[in-house]
Amino acid sequence: MIQLSKNYTLPEREEEIIPIKIVGVGGAGANALDRIVLDGMEKADLIAINTDVQSLASSVAAHKVQLGRAVTRGLGAGGDPEVGQQAALESAEEIRPALANARMIFICTGLGGGTGSGAAPVVAQIAREAGSLVIVFATLPFSFEGKRRTAQAHAALGRLNQIAHAVICFENDRMGDMVAPKAGIHQAFAMADVTISQSARSIVNLIQRPGLIRIGFDDLLTALRSENGRCLFGFGESDSDNRAHDALRQALKNPLMDKGRMLADAAHVLVQVTGGPSMTLSEVEILMQELNRQVNEHTQILFGTAVDGRMGNRLAVTIISSLRAEIDVASDVAAPLPVPAPIWEQPQEAAAKIDILPQPPVLAPAPAPDLIPFEPPPPAAELPPPIAPVEKSRSRVIMPRKKSEPEEEPKPARQKFGQAKQEVLQFEPVTRGRFEKSEPTIIEGQDLDVPTFLRKNIRVK
Amino acid sequence: MASNDLVVGLEIGTSKICVVVGEGRPDGTLRILGVGQAPSRGVRKGEIVDFETAMKCVHEAVVDAEQKSDVMIRSIYVSVAGGHIQSFNNRGCVMVPEDRDEIDEQDIEDVKVSAREVSIPASNAFLHSIIQHYHVDGQDGVLNPVGMLGEKLEADFHIIHGVRNRIQNTIRCVKELPLEVEDVVFSALASAQVVLTQHQKNLGALVVDMGGGTTDYILYVDGAVKQSGVLGIGGDHVTNDISMALRIPMARAEKLKLEEGSCVLGNCLPGETILLKDDSGFAGKEIERETLNTIINLRVREIFELLKRKLEAEPFINYIGAGVFITGGCSLLDGIEHLAGESFEMPAHAAHAQTIAGLTSAFENPQFSTAIGLIKYAQAVQAERPARGFRRLIGKFFSYG
Ligand SMILES: Nc1nc2c(ncn2[C@@H]2O[C@H](COP(=O)(O)OP(=O)(O)OP(=O)(O)O)[C@@H](O)[C@H]2O)c(=O)[nH]1
Ligand SMILES: Nc1ncnc2c1ncn2[C@@H]1O[C@H](COP(=O)(O)OP(=O)(O)OP(=O)(O)O)[C@@H](O)[C@H]1O
Ligand SMILES: [Mg+2]
Ligand SMILES: [Mg+2]
């Protein structure tokens, strides 16, 4: 359900923080988790799960679970998902308490190796059994990693699709397109990590931020769910005079958006706009109108906005969606491994009664006079079985009503050194990294949280 | 052992929590009984951002200290830092009442109160008023005016204040453990107690405590505190810069900084590289050593230069005789003395706690300076006001520096 507050001065409520856990499984999962920490994440517990003790030791996650002490003896799973699965089953009783008491669990993993492919489905199953909403972020290997890894990855993806409420799948080959051709594998992985971090953070923020317009969990799931689908993700940020337009354009430029072309085919698109206190209703309107032109009339746009004092003059747009697979991915999903799965039953039953909204639903039926409810919610938290066709619903863009406040004074142009920064950062959105949750250190007019080499415009390497 | 001989210092740092247990001896010396530690989470730039998590970590460190020192901890001295902490110098003035011509303790208290009659932001609270000098009837440089004859007592104070809520956060975190808070002390003031000797304070010295989240400083001239404050920049920024420049996770960047990093440029062989280990099954990434050192050098140099400009707003930096003393975890960075010497244009030393009894090499770690400094500070305070009841009464209004 979407609700829109009439004005932008709604006091921020001290809202209940929803217990969320983010789990990294395997080496790639651990790296993605590190990236999430680096980008700042205080509204979720982070847990690293791996067979490889070395990787665990260097992880910055607060909680760590070693898998398969007996099976792998602290080494990795050697690229064998069977070993990864055995290791996870051996350690199920250690995973369980680590995942307990979360309404929502994100699992980040790189499919193709042994631990991620073998253990992530077990972890997802345990998360389901704990009654949490489970969303998986998975990467598929580069094609040059070989057929075996690709097959292993697709087998694992097939199982994850059966277990998790939603799987967001990033194809490494497409990540590769995002970095310069000769940048090397590390940059491509780093890019994948950034993208995973960015989307996990957007979703967590969507849920945790006292947003002006809140998106329900069911809507969120609808936008994310589609088996074997391709994930569309875009992030843009701008502080220009025309920041709403610029941020959206940048988000649509993201290669995972296919220049926005694919957006036209999406049934559901999730959009979150975050800005500082200076964000105006008319900016949000501009943004929504432009976005509306990118999608077809059947697309349902799920829209959330949040005011965050730390954004300063910046305005950020996150777009998340997924497409149903047509021919490519779905058809070469390997036949599912014969699932031994002693500890897990078929997950479907648990699915129906997930209750993620903080009680009482924060902005929901409360008779707050300053809230205009829009349209009744779609059929509540019922999760259709994953095979169900995505229902085409009418376009449901919720536009803010007529603006009630005088328009913001136009801000002075500010382009000068944005140019230089952009060049160095390339595709990486300017994040405040580890310092996101702290007050910026501004001395002599400079934001000292931004790396010195960037501010001094010194090229390293 | 009588528990009131125990003094316990707690630093809730950005990187680690440190608890030092000391015991006051009958001969007036202080011995360290044990140091407890725990990695810190939920703290950014020296301030608590996630209360529950930080509290857990503090608890862990306290338990560790109790085990190591075999005592029960009931009350502690806690340090505070954070970019909100500010300071200034101010002179207080009182007239000795007509019916009396000898200056007494009450006048000392009154002159301090008078020095605080300046406006600080309503949301702020005083942390310290540290006496610099007294003047009796215009006569300068009086050390202890009590008992002197005079009509007018003036005193120069160095006053440190910060945002009340943020200071209270720290106090609340300790109280909910539950432990009693004896006093709250600005971190650099604590560190200076064990990093500097009295002689160095007299000669003039700058202490820079570079931790994970903040760089805390305090400047002494003629034995008195003249300037102090906090820059919300520290080792985390160095690590974050490395992480962003080389596009590696924070954990790896941190490891790289500790194991391979240096502030000194031009010491590498041309083309010298470091091979980053990698567990993805692909060949490791190679980075140039000089690149790593450049990233570090740029950041640390910038911190020093900012601090220098800040200090130069007043003349005191020109009267430093002993030099600059870098402590805190970042003082372990290779070559930092050299870089500090170059930036401040004076002798620079990396320093750890040394002016305290019972220090074994295990405690010779610059990361402990603040927490060890706290117990030295506590001991000095307690020596100055033996009656415990009296201490409560005057609370934070005391003058040791
Ligand atoms: N996003 C991202 N993906 C990675 C990274 N390293 C590897 N991958 C991808 O993830 C897949 C799985 O690799 P790992 O996560 O290292 O393997 P694992 O799951 O730990 O399995 P074992 O090493 O066999 O125990 C690889 O095939 C790569 O496609 C990384 O740093 N980031
Ligand atoms: N050997 C070393 N070489 C370089 N840097 C180091 C070394 N050891 C620790 N550090 C750095 O020191 C910092 C931690 O120092 P310290 O323990 O004094 O900080 P803290 O007291 O926890 O934080 P703060 O006082 O800023 O809140 C970290 O940034 C760490 O990277
Ligand atoms: Mg591995
Ligand atoms: Mg410190």
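The values are calculated or read from the model by the stated rules, or taken from the named source; none is laboratory data. Predicted, not measured: the structure shown is a model, and the values here were computed from it. Glycine gets a Cβ as well: all are built from the backbone with ideal geometry, and neighbour counts include every protein chain shown.
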Practice item. For region B:134-141, indicate whether the set of residues that are away from every other protein chain (no Cβ under 14 Å), more than 21 Å from B:G9 (Cα to Cα), more than 16 Å from ligand 2 (Cβ to nearest atom) and among the aromatic types (F, W, Y) is non-empty. Key: yes
Check your understanding: Consider B:C330 against the criteria (1) away from chain A (no Cβ under 14 Å); (2) outside any helix (DSSP H, G or I): it satisfies all of them except one. Which criterion is unmet?
Key -> (2)
Exercise for review: Output the residue which, of all residues in region A:112-123 that are within 10 Å of A:A156 (Cβ to Cβ) and more than 13 Å from chain B (Cβ to nearest Cβ), is farthest from ligand 2 (Cβ to nearest atom).
Suggested key: A:P121
**Study point:** Single match in B:V264, B:V185 (criterion: within 14 Å of ligand 2 (Cβ to nearest atom) and not assigned by TED's automatic domain parsing to the domain that holds B:Y319)
**Key:** B:V185
Review point. Among the candidates B:F316, B:F368, which residue alone is within 18 Å of B:Q200 (Cα to Cα) and either crowded, with 19+ Cβ neighbours inside 10 Å or away from every other protein chain (no Cβ under 14 Å) (or both)?
Key: B:F316
Check your understanding: Can you tell me which residues in region A:99-120 are crowded, with 21+ Cβ neighbours inside 10 Å and away from ligand 1 (no atom under 11 Å from the Cβ)?
Key -> A:L99, A:A102, A:M104, A:I105, A:F106, A:I107
**Study point:** Residue ID - farthest from the other protein chains (Cβ to nearest Cβ), chosen from residues in region A:45-67 that are more than 13 Å from ligand 3 (Cβ to nearest atom) and at pLDDT 85 or above
**Key:** A:V65
Review point. Any chance region B:232-240 includes a residue that's over 20 Å from A:L454 (Cα atoms), within 16 Å of ligand 4 (Cβ to nearest atom) and either in contact (Cβ under 8 Å) with a residue 60 or more places away in the chain or touching a helix residue (DSSP H, G or I) at 6+ places or on another chain (Cβ under 6 Å) (or both)?
Key: no
Exercise for review: Determine, yes or no, whether B:L206 is more than 10 Å from chain A (Cβ to nearest Cβ), in a helix (DSSP H, G or I) and out of contact with any Ser or Thr (no Cβ under 6 Å at 6 or more places or on another chain).
Suggested key: no
**Study point:** Number of the exception - B:I287 against (1) part of a strand (DSSP E or B); (2) buried (at least 16 other Cβ atoms within 10 Å of the Cβ); (3) more than 9 Å from chain A (Cβ to nearest Cβ); (4) not polar (S, T, N, Q)
**Key:** (3)
Review point. Restricting the search to region A:83-93, which residues are within 11 Å of ligand 1 (Cβ to nearest atom) and over 28 Å from the mean Cα position of the chain (by Cα)?
Key: A:V83
Study note, to complete from the structure: Filtering region B:238-260 for residues that are more than 7 Å from chain A (Cβ to nearest Cβ), under 20 Å from B:G335 (Cβ atoms) and not basic (K, R) leaves a count of 10
Practice item. Could you please find all residues in region B:136-160 being out of contact with any helix residue (DSSP H, G or I) (no Cβ under 9 Å at 6 or more places or on another chain) and modelled with pLDDT of 95 or more? Key: B:H158
Study note, to complete from the structure: Only one of A:I135, A:I168, A:I163 is among the aliphatic types (A, V, I, L, M) and modelled with pLDDT under 85, namely A:I168
Exercise for review: Could you tell me which residue of region B:211-229 is farthest from ligand 3 (Cβ to nearest atom), considering only residues that are within 14 Å of another protein chain (Cβ to nearest Cβ) and in a strand (DSSP E or B)?
Suggested key: B:G229
Point to revise | Among the residues listed as A:R69, A:R96, the single one being surrounded by fewer than 17 Cβ atoms within 10 Å (Cβ to Cβ), more than 16 Å from ligand 4 (Cβ to nearest atom) and within 25 Å of the chain's Cα centre (by Cα) | key: A:R96
Review point. Which one of these does A:G27 not meet: (1) buried (at least 23 other Cβ atoms within 10 Å of the Cβ); (2) more than 10 Å from chain B (Cβ to nearest Cβ)?
Key: (2)
Study note, to complete from the structure: Here the qualifying pairs (Cβ atoms under 9 Å; residues six or more apart or on different chains; first in region A:65-80 and within 21 Å of A:R148 (Cβ to Cβ); second part of a strand (DSSP E or B) and small (G, A, S)) come out as A:G76/A:G113; A:A77/A:G113; A:G78/A:G113; A:G79/A:G113; A:D80/A:G113
Revision key, fill the gap. Apart from one, (1) more than 16 Å from ligand 2 (Cβ to nearest atom); (2) within 23 Å of B:D50 (Cα to Cα); (3) touching a Lys or Arg at 6+ places or on another chain (Cβ under 9 Å) all hold for A:N50; the odd one out is (2)
Study note, to complete from the structure: Within region A:3-34, residues being more than 16 Å from ligand 3 (Cβ to nearest atom) and modelled with pLDDT of 75 or more number 5
Check your understanding: Of these, A:K64, A:K21, which one is part of a strand (DSSP E or B), surrounded by fewer than 24 Cβ atoms within 10 Å (Cβ to Cβ) and either near ligand 1 (Cβ under 8 Å from one of its atoms) or under 15 Å from the mean Cα position of the chain (by Cα) (or both)?
Key -> A:K21
Practice item. For region B:1-85, please list each of the strands (runs of 3 or more DSSP E) lying entirely inside it that holds at least 1 residues being farther than 20 Å from B:K376 by Cβ. Key: B:30-39
